[in-house]
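Each remark here refers to the structure printed beneath this line.
Please treat every number below as a calculation from the coordinates, not as lab data. Predicted model only: the values in this text are computed from it and were never measured. No Cβ is skipped: glycine too gets one built from the backbone with ideal geometry, and neighbour counts run over all protein chains shown.
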Amino acid sequence: MKKIYFIKSGCILVLVLSVLACNSSKKRNSTIGLKDASTFPIGTAIKIHTLMNDAKLQKIQKQNFNSITATNDMKMQSIIPTENNYNWKTVDTILNYAETHNQRLFGHNLIWHSSTPEWVIAKAEKDSLWLDSFMKEYITRYVGRYKGKVAAWDVVNEAFESSGGNYRETFWYNKLGKSYIEKAFKYAHEADPDAVLFYNDFNIERDTTKLHAVIKMVNEFKEKGVPISGIGFQMHIRMDIPDEIIAYSLKKAAETGLQIHLSEVDIIFNTHNDERLGGIENYSSLTDEMKQAQAEKYKNLIEMYKEIVPKEQQFGITLWDFTDRDTWIRGFFNMRDWPSIYDDNLQPKPAYLGFLEGLKD
Ligand code: XIL
C-alpha cells in the first residue's frame with residue numbers, strides 16, 4: 001500500500017516535471033509552480049537576508065509563490081530596535097522584491113509581545129500613558145508609509161494564552177488592558193483603509209476553547225465596528241492533530257464571514273511545548289513512510305481549506321519557511337524535524353506533491 005502510494009507520487013512527480021519542462025519551453029521566461037495551480041495566493045514567510053543571498057532559493061521562491069511574508073524583518077524589534085530609530089531598509093528591500101516579482105506583500109506583524117523591544121518596555125514602566133501614544137504613532141507611521149503597498153497586516157499576534165480561552169497577560173495587556181487590541185486595529189485602519197487587517201494566533205485549529213474565545217472577540221469587534229477583516233490561523237500543526245478538528249475550526253471561523261488566512265503553515269512529527277526550546281523527539285530520522293504520510297496531511301489541509309472556506313473568504317495559504325533546511329522549528333525548539341515541503345537540499349518532498357494535488361483536486 002505504502003509502496004503503491006510512493007510509486008503513484010513518483011509518477012505524479014514525473015508528470016509534474018514534464019509539464020514544467022513543456023510549459024517552460026512554450027513560454028520562455030515564465031515559471032510555473034504551486035501558485036499557478038491555485039485560485040488564491042500561495043505565500044511563504046522567509047528570512048529576507050537568506051533569500052537575497054541564495055540564488056537557488058530565490059528561484060524556487062519565485063516559481064512557487066505569489067505572496068511573501070518576512071519571518072522577522074517586519075516585526076517591531078526589527079523596525080524600531082532603539083528609541084527614535086526607525087529602520088525601513090529591509091522592508092524596502094522586501095517591498096522591492098515583492099513588486100519586482102509580482103508578489104503580494106503581507107505585513108507580519110504590528111503588535112506582538114514576543115517582539116516588543118526592551119526599550120519600549122522600560123519606557124512604559126515609567127510612563128504608562130506614553131505607551132498608547134507610542135502604539136498609535138508606530139502603527140500610523142508604519143502602515144502609513146506602506147499604504148497601498150503592504151496588502152494586509154497581522155495587526156495583533158497571539159493575544160490569547162497558548163491554550164484555553166483567556167487573554168494572554170502580556171506587557172501590552174497589563175499596561176493598556178484588552179482594549180489595546182481594538183485600538184491597534186483602529187489605528188491601522190485609519191492609516192490604510194484598504195489594508196486587510198488580521199488577528200493571528202496559533203493552536204486555534206486544535207483547541208476549541210481558544211478558538212471560541214477568538215471568535216467571541218471577533219464578533220464583539222464586528223458589533224462595535226472595530227475594523228477587523230480577517231482571522232489568521234498560524235497552522236503550525238503536527239501529524240497527529242485530527243483533520244476533523246481542523247475542519248470544525250475552519251468552519252467556525254469562516255462563519256464569521258471574515259477572510260481566512262492559513263498564515264504560517266508547517267507540519268511537524270515531533271512534539272514541542274509552545275514556548276521557546278524544548279520538545280519531545282520521538283522521531284530522529286525521516287523515513288519514506290513518514291514522507292508519504294506528511295504528503296497526505298498537506299493534501300488534506302489544502303483540500304479542507306478549499307472545501308470549507310467560501311471562495312470569497314479564501315485570503316490564501318502561507319508556509320512558514322518552505323524548506324527543512326531553513327525551518328524555524330529546529331532552532332526555536334532545539335529539536336530535529338522536517339516540517340516543510342522542500343528538504344534540506346532544496347529538493348521538493350512528497351509533501352510538495354501533496355500540496356499540489358490538494359490545490360488541483
Ligand atoms: C518565529 C521566527 O520564525 C523565528 O525565526 C524567531 O526566532 C521567532 O519567531 N508564530 C509567529 C511567528 O507568529 O512570528 C514566529 O516566527 C513563529 C510562531
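For Gln63 and Lys222, what is the calculated FRET efficiency with R₀ set at 51 Å and r taken between the beta-carbons, to the nearest 0.05?
Taking R0 as 51 Å, the efficiency between Gln63 and Lys222 is 0.85.
When each pair of different Cα atoms in region 250-361 is counted once in the 1/r mean, what is the Kirkwood radius in angstroms, to one decimal?
14.8 Å
Could you give me the radius of gyration and the Dmax of region 173-212, taking only the C-alpha atoms into account and expressing both in angstrom?
Cα radius of gyration and Dmax of region 173-212 are 13.0, 34 Å respectively.
With the cut-off at 21 Å, tell me which of the pairs Lys186/Lys216; Lys216/Lys252; Lys210/Lys252; Lys149/Lys178; Lys47/Lys183; Lys56/Lys149 have Cα atoms farther apart than that.
Too far apart for the 21 Å limit: Lys149/Lys178; Lys47/Lys183; Lys56/Lys149.
Kindly state, to the nearest 0.05, the FRET efficiency for Ile280 paired with Asn84, given R0 = 41 Å and r defined as their beta-carbon distance.
After rounding, the FRET efficiency stands at 0.40.
Can you tell me what share of the DSSP beta bridges in the chain is antiparallel? A percent to the nearest 5 is fine.
10 percent
Using helices alone, I'd like the mean residue ellipticity at 222 nm for the chain: each DSSP H run of four-plus residues gives -39500 (n - 2.57), total over residue count, nearest 500.
-14500 deg cm²/dmol
I'd like the chymotrypsin sites (Phe, Trp or Tyr not before Pro) in region 48-140 restricted to DSSP loop residues with at most 15 other Cβ atoms within 10 Å, sorted by number.
Tyr86, Trp88
Counting only other residues whose beta carbon sits under 11 Å from that of Gln347, what net charge do I get with K and R as +1, D and E as -1?
Spelling it out: positives minus negatives among the neighbours equals 0.
How large is log10 of I(q)/I(0) for the chain at q = 0.15 Å⁻¹ when the intensity is taken from the Debye formula with one equal scatterer per alpha-carbon?
The calculated log intensity ratios at q = 0.15 Å⁻¹ are -1.41.
To one decimal place, what orientation-averaged projected area in nm² is obtained for the convex hull of the Cα set of region 133-245?
Mean shadow area of the hull around the Cα atoms is 7.6 nm².
Tell me which residues come under 5 Å, amide H to amide H, from Leu346 once H is placed; ignore anything under 5 positions away on its chain.
HN-HN under 5 Å from Leu346: Arg325.
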